[in-house]
Amino acid sequence: MSLLHHLTARIRADGPVSVADYMRECLLHPQFGYYTTRDPLGAQGDFTTAPEISQMYGELIGLALAQCWLDQGAPAPFTLAELGPGRGTLMADLLRATRGVPGFHAAMQLCLIEASPKLRRTQAGTLHAYAPEWLDTAEALPDQPLLLVANEFFDALPVRQFIRSGDQWSEKRIGLTGGTLAFGLSPAAPQPALDHRLQDTQEGDLVEICDAAAPVIQAIASRIATHGGAALIADYGDWRALGDTLQALRAHQPADPLQAPGEADLTAHVDFEALAMSAKSNGCAFTRLTPQGVFLERLGITDRARALAAPLQGEPLESLIAAHRRLTHPDEMGNLFKILGLYPSTAASPPGLNP
Ligand code: SAH
């Protein structure tokens, strides 16, 4: 059995599946899913992420969240949470950087929201000293002040894809052509969730919606609005996405998303406007969407890099300089990745981000 067999059997029995159903099966199928069966990160894996590039990333995120906590009167207890912590690297760097913030660690309850049993085991290895609790969903977060980070989490949530046809929409689906997975289209139908996209699209344009993001944002934003705290959401995408952004990566190379299901990472760009609007409807304020490079420079990444560089020479120095460039330069991750902050409307916006 393989995921391809499973998908083929499912499509034969029930007909074509949505792009979201396909993504969900590929990423999280209990037996064959991409995240459920492997650690995809790093040089040996399929892709790398900001926290895996340099410790500076998690450190600066940690200090920004600790500053939010101090600005809001150091509430105790509070939840420190991460969505999709991968190897636990960001959280380990965050926790090391905040050791010196008086009372922060004593007041925190560490919660990790992770779907992959394999990555939970890796996180347990990295973070056991802080007694984390693993949760299946954001809805299970405690009802108390919440400081949260999500790095490259929302891009892994399944999206549906629609193509405009008059004032209606045809959904892209995955079926079988001659026994092979192939894209097709459902008949056009009205889609009330896409009414706002009738203004900025034309006949034949493709738009994506991520139904899975709204309940997560609702759970986070309602806690922040009620009890205080902040969330930093980092991902690639824009304020509003247009076009097909479904992407497969395998061994650091783009791949065909329908080839070898379950063996490649599948992502879609994050539609930050949708996240901000669901935060707002749950009573939470949101910051301007800020490029990662600008955010990290404002938090002082260059000073931090200088301090780390002081004792280094040769290859370690070169790789620190390369990591700084990779995280911040507009031609690298600096512009492609964006940060959205969520915070209580009565509090100051998180450091490095404008209201
Ligand atoms: N934040 C890490 C890992 C990013 S990869 C980093 O930046 O390095 C995406 C992470 O989200 C993985 O840990 C994956 O297992 C997790 N994940 C993906 N979909 C999820 C879901 N629906 N619920 C919980 N975790 C999920």
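The values are calculated or read from the model by the stated rules, or taken from the named source; none is laboratory data. Given the structure is predicted, the values throughout are model-derived calculations rather than measurements. Virtual Cβ from ideal backbone geometry, glycine too; neighbours counted across all protein chains shown. Side chains are part of the model used for accessible areas, which takes the heavy atoms of the whole protein and leaves out ligands, DNA and RNA. Shrake-Rupley method; radii C 1.70, N 1.55, O 1.52, S 1.80 Å.
Check the range 181-190 and report whether any residue there is over 16 Å from MET23 (Cβ atoms), open to solvent by 40 Å² or more (accessible area, probe 1.4 Å) and in a strand (DSSP E or B). Yes: one or more hits. Restricting attention to the range 321-355, the residues that are part of a strand (DSSP E or B) and not charged (D, E, K, R) total 7. In the range 88-111, of all residues being of a type in the set (S, T, N, Q) and away from the ligand (no atom under 16 Å from the Cβ), the one that is most open to solvent (accessible area, probe 1.4 Å) corresponds to GLN109.
Every residue, every condition in (1) at pLDDT 95 or above; (2) touching an Asp or Glu at 6+ places or on another chain (Cβ under 6 Å); (3) more than 25 Å from ASP303 (Cβ to Cβ), yes or no:
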{"site": "GLY58", "(1), (2), (3)": "yes, yes, no"}
{"site": "LEU70", "(1), (2), (3)": "yes, no, no"}
{"site": "THR79", "(1), (2), (3)": "yes, no, yes"}
{"site": "LEU83", "(1), (2), (3)": "yes, no, yes"}
{"site": "ALA97", "(1), (2), (3)": "yes, yes, no"}
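Residues in the range 104-145 that are hydroxyl-bearing (Ser, Thr, Tyr) and part of a helix (DSSP H, G or I): THR122, THR126, TYR130.
Summed over the range 258-273, residues that are closer than 29 Å to ALA9 by Cβ and surrounded by fewer than 22 Cβ atoms within 10 Å (Cβ to Cβ) total 4.
Residues in the range 313-332 that are over 18 Å from GLY42 (Cβ atoms) and open to solvent by less than 60 Å² (accessible area, probe 1.4 Å): GLY314, LEU317, HIS324, THR328, HIS329. All conditions in (1) open to solvent by less than 30 Å² (accessible area, probe 1.4 Å); (2) farther than 30 Å from GLU25 by Cα hold for PHE337, with the sole exception of (2). Residues that are within 11 Å of the ligand (Cβ to nearest atom) and either of a type in the set (S, T, N, Q) or open to solvent by 50 Å² or more (accessible area, probe 1.4 Å) (or both) within the range 112-139 comprise ALA115, SER116, PRO117, LYS118, ARG120, THR122, GLN123, TRP134, ASP136, THR137, listed in sequence order.
In the range 148-200, of all residues being on the phi > 0 side of the Ramachandran plot and more than 28 Å from the chain's Cα centre (by Cα), the one that is farthest from the ligand (Cβ to nearest atom) corresponds to GLY166. Residues in the range 320-339 that are more than 13 Å from VAL294 (Cβ to Cβ) and within 19 Å of the chain's Cα centre (by Cα): ARG326, GLU332. The condition of being more than 17 Å from LEU275 (Cα to Cα) and modelled with pLDDT under 95 holds for only one of GLY178, GLY166, that being GLY178. Restricted to the range 1-87, the set of helices (runs of 4 or more DSSP H) holding at least 2 residues that are open to solvent by 60 Å² or more (accessible area, probe 1.4 Å) and over 30 Å from ARG306 (Cβ atoms) comprises 3-14, 19-28.
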